[in-house]
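S.K.: First, the structure itself, so that you have it in front of you.
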Amino acid sequence: MHIVSPRRALLFCVFAAACARSTQRAPESPTVAAITTADLEYRLRIIADDSMMGRESGSEGDYKTADYVASEFRRLGLEPAGENGTYFQTVPFWSVGVDGTSSLSVDGAPLELGRDFFPASSNVSPRRLENVDVVYGGVMGSPGGTIDPAAVANKLVVFTPPNGPARGGPNLGAFSSARAIGVVNLDQLPPEFLARLREGRPVADTTTTAARAPIIYVSRATAAKLLGAAPEGLTAGTAGHRVSGFVGYRFAPVRFPARNVVAILRGSDPALRGEYVSLTAHNDHVGFDHAPVDHDSLRAFNRVIRPMGADSPVRQPTDAEWTQIRVILDSLRRVHKPRLDSIRNGADDDGSGTVSIIEIAEAMARGTRPRRSVLFVNHTGEEAGLLGSRWFTDHPTVPLDSIIGEIDQDMVGRGTATDFPYNGTGAGSPQYLEVIGAKRLSRQFGEALDSANAHQSIPFVFNLEYDQPGHPLQYYCRADHYSYARYGIPSLALSRGEHLDYHQVTDEAQYIDYVDLARVTRMVYDMALSLANAPTRPTLDVPKPDPHGQCRQ
């Protein structure tokens, strides 16, 4: 059962024999050489425990998680490959949260921070507004339906997003002469997203600019106060009232270093051991909330309304949907009393990928060594925008051109029959697996995945839709594998898809499908061995991209 305050007694469990005793294992041998469901669950219940407090980069919990991963690599005899002879590579981070003194008033009537408005642009300099005119800008992205950018100079321009909620919008850079930009979507933004804005989130850069207008999320009621009427029915350019106040963010150093964990299983062939197959996952998640919710109520609600968790829009249920929610909750109430929960444990995202690469490291370390070396990198900062993987590839601790291929796993623990891994429709299956990037740079590299999969007792059926050029979800540019691909390293990302617990306090170890997690792990193990033992490295079929250029889905 999860409570608001963490179980501090478990905080150091990752190092103590007591942790092994708590799972009925002998402390001197907590895991076995083979890839097993028991080992995966044992490790995941450590990483996704409440004591890790959601593992946000720069937090104590993520620091302890990195220590645990390093301790496992050390126990298995892997070489440290971080900085200064350690397993760690520190990534510079700061925490940024909304400035609590931010305030706005409309014609002298104050608005409430958090309920009525929320500053959204942490990379824009703090901005004061003194009797600033308000004007309606229209629907963002609507052809011919938005205001002329020249007409918004030194004004607060209010936009409505297209087709419901949006976190910003297209072409807002054209309105940089505005004093501020309001976006009418505060009512529809996920609570977990707003919590990170309020409580602080990790960033790698404290630079701010006065050249752009700050974006402010506003509620529908606030939009009506600003404009004198609800924006629906108004035409772009309609004048509103006047607003005064201040909006901004505060930066602070993170309390604990955010760290990549880097280790090498040295290859057996003297001629090839200077080359690496890289296996990666990320150790960070999105922290915790200060406002707890009932665990089972949230799961019942999300099962009906938000089947893909944070990637489903927030909306009010219909009467029929409320009936469905109550039926689900009643069934859960027969099993559990109300359980307050505030910690987003990240069991699937990406505890699942992290325990998978540790399990592979153990199987390789206790088996026959491959010819090439295997590089294990457990990234921090993925949730902050791939910052840990980008930092590692920009500041590699091994020669970057010695990495012959990279396999990233992120959210590989679900995809069960009650999940919604494919576009929010259709049930999951044991065969479902999303593959992104496998043959983008090297067909030979992707064929190694095909071959490894074909030799599994139950092969996966790959969903390649999200790998298609131009796909609107931009998954190719949003996974850690891209940090390697941009340097011309054949790379791929594996995922079993999203689900109702994505970025929720309910993403917990109890909901993981350990049988299928073990299947993914064995397939990656087989692919990595194939690459590591191949006589030649995968051939690039395309020119190397510009590592600092624009990512193209």
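S.K.: So which residues in segment 140-158 are at pLDDT 95 or above and of a type outside the set (A, V, I, L, M)?
M.R.: Matches in segment 140-158: 154, 155.
S.K.: Right, residue 376: surrounded by 23 or more Cβ atoms within 10 Å (Cβ to Cβ), in a helix (DSSP H, G or I) and either among the basic types (Lys, Arg) or in the same structural domain as residue 491 (by TED's automatic domain parsing) (or both) or not? Before the answer, list the steps.
M.R.: Details: surrounded by 23 or more Cβ atoms within 10 Å (Cβ to Cβ): yes; in a helix (DSSP H, G or I): no; either among the basic types (Lys, Arg) or in the same structural domain as residue 491 (by TED's automatic domain parsing) (or both): yes.
No, not satisfied.
S.K.: Next question, about the same structure. If I go through segment 186-206 residue by residue, how many of them are out of contact with any Phe, Trp or Tyr (no Cβ under 6 Å at 6 or more places or on another chain) and modelled with pLDDT of 90 or more?
M.R.: Total meeting the criteria: 1.
S.K.: Looking at segment 39-55 only, could you name the residues that are free of Cβ contacts under 8 Å to residues at least 40 places away in the same chain and surrounded by fewer than 23 Cβ atoms within 10 Å (Cβ to Cβ)?
M.R.: Hit for segment 39-55 is 42, nothing else.
S.K.: Within segment 225-262, take every residue that is part of a strand (DSSP E or B) and among the aromatic types (Phe, Trp, Tyr) and give me the one that is farthest from residue 97 (Cα to Cα).
M.R.: Here is the first cut: in segment 225-262, the residues part of a strand (DSSP E or B) are 239-247, 249-253, 258-262.
Going one step further and asking which of them are among the aromatic types (Phe, Trp, Tyr), we end up with 246, 249, 251.
On the way: 246: 15, 249: 6, 251: 7 Å.
Among those residues, the one meeting the criterion is 246.
S.K.: Report yes if residue 329 is more than 25 Å from residue 484 (Cα to Cα), at pLDDT 95 or above and not assigned by TED's automatic domain parsing to the domain that holds residue 123, otherwise no.
M.R.: Numbers: more than 25 Å from residue 484 (Cα to Cα): yes; at pLDDT 95 or above: yes; not assigned by TED's automatic domain parsing to the domain that holds residue 123: yes.
So residue 329 fits the description; yes.
S.K.: Would you call residue 123 over 25 Å from residue 194 (Cβ atoms), out of contact with any helix residue (DSSP H, G or I) (no Cβ under 6 Å at 6 or more places or on another chain), touching a residue at least 24 places away in the same chain (Cβ under 8 Å) and in the same structural domain as residue 233 (by TED's automatic domain parsing)?
M.R.: Criteria not met by residue 123.
S.K.: Of all residues in segment 510-553 being in a helix (DSSP H, G or I) and β-branched (Val, Ile, Thr), which is surrounded by the most Cβ atoms within 10 Å (Cβ to Cβ)?
M.R.: 521
S.K.: Does residue 222 meet the test of being part of a helix (DSSP H, G or I) and of a type in the set (Val, Ile, Thr)?
M.R.: Taking the combined requirement at face value, the residue satisfies it.
S.K.: List the strands (runs of 3 or more DSSP E) that sit entirely inside segment 89-195 and contain at least 1 residues that are hydroxyl-bearing (Ser, Thr, Tyr).
M.R.: 94-98, 103-106, 127-139, 156-160
S.K.: Is segment 244-266 home to any residue that is surrounded by 20 or more Cβ atoms within 10 Å (Cβ to Cβ) and charged (D, E, K, R)?
M.R.: yes
The values are calculated or read from the model by the stated rules, or taken from the named source; none is laboratory data. Note that this is a predicted model, so its numbers are computed, not measured. Cβ atoms come from the backbone with ideal geometry, glycine included; neighbour counts cover every protein chain shown.
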